[in-house]
Structure formats: C-alpha cells, structure tokens
Amino acid sequence: MLRLRLRHVVNASNPDTEKKLAAEAAAALLEEGMAVGLGTGSTVAHLLPAIAARGLIGIRCVATSVATESQARELGIPVEAFDSLERLDMAIDGADQVSRDRWLVKGGGGAHTREKIVAASAERFVVIADSSKAVDRIEPPIPLELHAFGLGSTLVRIGSEVGEVSTRPDTPPSPDGGVIADYRGAVGDPEALAAALAGVPGVVDHGVFPAAMVTDVLIGRGDSVDRA
Ligand code: 5RP
C-alpha cells in the first residue's frame, strides 16, 4: 500500500516520466512510409527510441538539429537532408510553453527557426510536453534567432520598437549561423507580438508558433497523457 502510494507521488511530479509518456503517445501515431519531421530537446530525446522501437518500414525523417540527427542515426532511424522532401506527413516536437488556446513558445534549445520550417511543412504538427509546459497564456522570454550581420542595430531596433531583448549568454550560433537571443518585454496579444518581431529586419525568426499550426497537443500529466 505504502509502496503504491509512493509510486503515485513520484509519477505525479516527474517531468521526465511525463515527457516519455507524451513521446510514446506521439510515436504511436506514426505509420509506415510516412515522411516525418523530428524536433529538438529532451522530450524529443524520448521520442526517438519510441520511434525506433516501432520498426516502421519506409519512414523518411528530417531533423531540426544536429543533436536530433545524431541520436536518430544512432538508433537506426533514417534521416535525410530537408531538400529532398517538399512535404511532411507529420512533425513531432516539444515546446517551452503551450497555452490554453494552443499558442506555443519554442526555442529553448535555440532551434526554433528550423523547427518552425519543419512544423509548417507538415500535414500534422504534434506537440509533446510535460505538464509544466502548460500555461494559461504565453509569457516572456521569447527566443529569437537574429542575423549576425548588423546584430547591434537589430538589437537596438527590437528594443525601441518592440521591447527588452538580450543575446543569450554562452549559447553557440544556430546551425545556420544565427545569433540566439531572448525577447523579455511584454507579450500581450501573441499574434501582434509575432508580427512585430517578424517585422524587424535582422530577425531570422522568433519562437512564437501560432495555434493554427498545431494539430495535436499531447501533455504528459502524472501517469497519463492529456490530448487536445
Ligand atoms: C528547442 C525547443 C524545444 O522543443 C523546447 O525547448 C522544449 O524542450 P524540452 O523538450 O527539452 O523541454 O523548442 O528549440
């Protein structure tokens, strides 16, 4: 009895267990022959073994980061460059924040530009997360990728036209050479913020993902998965 109760307490508050459950639920959605976009992060690190375990024949994958690509290859998941596929059947990725109305903040790992390209190319975009990522409304910080060219000027322009921003310390450039930064000003209406950030020359992309892009949200909660 005591052991059962303890196990329940551990499961209820263990983000890693929740990530794994959400990841396994997403892997179960895949079918043989699908073209699949693989996201980045610790939740996706649980997804890749779950995909490998399914032994799906004929899947073709693209990866949003070098880390994901290496882990996938080690597990025997075929990964190809994202210039040989025009459309994906499904993309699966984690998130830093998932709001009640399904707006996302992504880019905690600085991979949001590639992640957004992959998500936008997919018929179905499945978000996987532990319950700590579920929020009422999205909040700062919002990750940014900025062109290295003219960086100082871009930072000043974001600061004066949108709100507080700083480059992320000790963070390597993106695989495409972009500088990773974080917007720390007010969010307000996410659609308006997304447009304001995207409108500043020098911003490669921001980590706000619109609800319209999201088809499935799988949130691990305790020892089950909430689906929305
Ligand atoms: C990387 C991302 C990740 O999906 C996001 O940071 C969530 O990461 P994790 O699964 O480790 O919590 O957007 O750029």
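Here Lys116 is the anchor, and the aspartates and glutamates within straight C-alpha reach of less than 13 Å, apart from those fewer than 8 places off in the same chain, are Asp93, Glu145, Asp205. Of all DSSP-defined beta bridges confined to the chain, some 50% are antiparallel rather than parallel.
Computed over the alpha carbons of the chain, Rg followed by Dmax gives 18.0, 63 Å. Starting from the range 124-179, pick out the trypsin sites (Lys or Arg not before Pro) whose DSSP state is loop and whose Cβ has at most 13 other Cβ atoms within 10 Å. Answer by residue number: Arg137. Each of Val162, Val135 has some number of other Cβ atoms within 10 Å of its Cβ, and from fewest to most they run Val135, Val162. Computed from backbone phi, the HN-Hα couplings of the range 125-131 come to 10, 9, 9, 10, 7, 8, 5 Hz, rounded to whole numbers (Karplus: 6.51 cos²θ - 1.76 cosθ + 1.60, θ = phi - 60°; Gly and Pro given as x). Ordered by the number of other Cβ atoms lying within 10 Å of each residue's own Cβ, fewest first, His147, His112, His206, His46 fall into the sequence His147, His46, His206, His112.
Across the range 155-228, the fraction of Cα-Cα pairs farther apart than 20 Å, rounded to a whole number, is 46%. The GluC sites (Glu not before Pro) of the range 160-228 that DSSP puts in a loop, and whose beta carbon has at most 16 other beta carbons within 10 Å, are Glu164. Within the range 16-132, the proportion of C-alpha pairs whose separation exceeds 23 Å stands at 18%.
Rounded to whole numbers, the Karplus 3J(HN,Hα) couplings from phi for the range 61-67 are 10, 10, 10, 8, 7, 5, 4 Hz, using 6.51 cos²θ - 1.76 cosθ + 1.60 with θ = phi - 60°, and x at Gly and Pro.
Between the Cα long axis of helix 42-54 and the first principal axis of the chain there is an angle of about 40°, rounded to the nearest 10. Binning all Cα-Cα separations of the range 26-65 at 5 Å, short to long from zero, yields these whole-percent fractions: 6, 23, 38, 24, 8, 0. Gap in Å between the Cα centre of the range 178-195 and the Cα centre of the range 71-87? So the separation of the two Cα centres works out to 30 Å.
Could you please rank Val217, Val105, placing first whichever residue has the fewest other Cβ atoms within 10 Å of its Cβ?
In increasing order of surrounding Cβ atoms, one gets Val217, Val105.
On the principal axes of its alpha-carbon atoms, the range 116-185 has extents of 37, 28, 24 Å, going from largest to smallest.
Note that the range 73-79 has calculated 3J(HN,Hα) couplings of 4, 4, 8, x, 8, x, 10 Hz, one per residue in order, obtained from phi through the Karplus relation 6.51 cos²θ - 1.76 cosθ + 1.60 (θ = phi - 60°); glycine and proline are x.
Bear in mind that the values in this text are calculations on the coordinates, not laboratory data. Everything numeric in this text was worked out from a predicted model, so none of it was measured. Because the Cβ atoms are built from the backbone with ideal geometry, glycine has one as well, and the counts that use them run over all protein chains shown.
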